[in-house]
Amino acid sequence: MAQLYLLLGGNLGDKQQLFANALEMIASDIGEITARSAVYETEPWGFESDDLFWNQVVVVETSLQPLALLEQTQRIEKHLGRVRHAQQYVSRLIDLDLLFYDKQVIRHLRLEIPHPRIAERRFVLEPLAEIAPDFLHPVLHKTIAQLLADCPDQLAVNKLKA
């Protein structure tokens, strides 16, 4: 079994219901969720929007290989109404990003793990640091807590009340 770190995000629709449905599908189609951060409300990164994002990191024990995981997460996104656009950064109902797969480094045309922009994004690092502050990034050789302390991103990231 591999340990997958997965980021959920979205800024459109009924975010509470979309996240609940995504978590249910992750548990049934990918593997057991063994840890989850709080949900954070965050400003859009890389584009302008009046709709704030929700973000959450979950840890999943999975037997799926990385490319099969990518296909499965994209199936879940599509099932929940995600429409992919040519433009990379747009508002969306749901987004599932593979952050880490064990401590593997994977460079493939369709998939890069660790996710290449983790260190630039406070909306990823805040929830990740909540559940895995000592996880060592296998490429940057810094812990998640160190990456968060060094993160240049100053966009607002606020934990939602449970």
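What follows is calculated from the coordinates using simple rules that are stated; it is not laboratory data. Values in this document were obtained by computation on a predicted structure and should not be read as measured data. Backbone-built Cβ (ideal geometry, glycine too); neighbour counts: all protein chains shown.
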Exercise for the section: If a/c stays under 1.5 just call it rounded; otherwise compare a/b with b/c (prolate if a/b is bigger, oblate if not). Do that for the chain, with a ≥ b ≥ c from the square roots of the Cα gyration tensor eigenvalues. Expected result: rounded
Problem - Estimated dipole of region 1-71 in Debye, rounded to 20 [Cβ of Lys and Arg +1, of Asp and Glu -1, Cα centre] - result: 240 debye
Fill in the blank from the handout: Given trypsin sites (Lys or Arg not before Pro), DSSP loops and at most 16 other Cβ atoms within 10 Å, the longest exposed-site-free stretch of the chain is 1-83
Practice task
Please sort by residue number the GluC sites (Glu not before Pro) in region 18-59 whose DSSP state is loop and whose Cβ has at most 11 other Cβ atoms within 10 Å.
Solution key: GLU48
Fill in the blank from the handout: Sites removed, the longest contiguous part of the chain containing no DSSP-loop chymotrypsin sites (Phe, Trp or Tyr not before Pro) with at most 12 other Cβ within 10 Å is 90-162
Practice task
Per DSSP H run of n ≥ 4, the term is -39500 (n - 2.57); total these for the chain, divide by its residue number, and report the mean residue ellipticity at 222 nm rounded to 500 deg cm²/dmol.
Solution key: -8500 deg cm²/dmol
Exercise for the section: Go ahead and run the numbers for FRET between HIS141 and GLU41, Cβ-Cβ distance against an R0 of 25 Å, rounding to 0.05. Expected result: 0.20
Problem - Given charges at beta-carbon only (K, R positive; D, E negative), |dipole| of region 51-162 in Debye - result: 300 debye
Handout entry: Label-point separation, ALA156 to ARG110 (7 Å along Cα→Cβ), nm
Key = 3.9 nm
Handout entry: Extension gain, ARG117 back to LEU67 (0.36 nm per residue minus Cα-Cα distance, nm)
Key = 16.1 nm
Exercise for the section: Taking only Cα atoms and a 10 Å spring cutoff, compute GNM fluctuations for the chain and point out the largest among LEU125, LEU23, LEU67. Expected result: LEU67
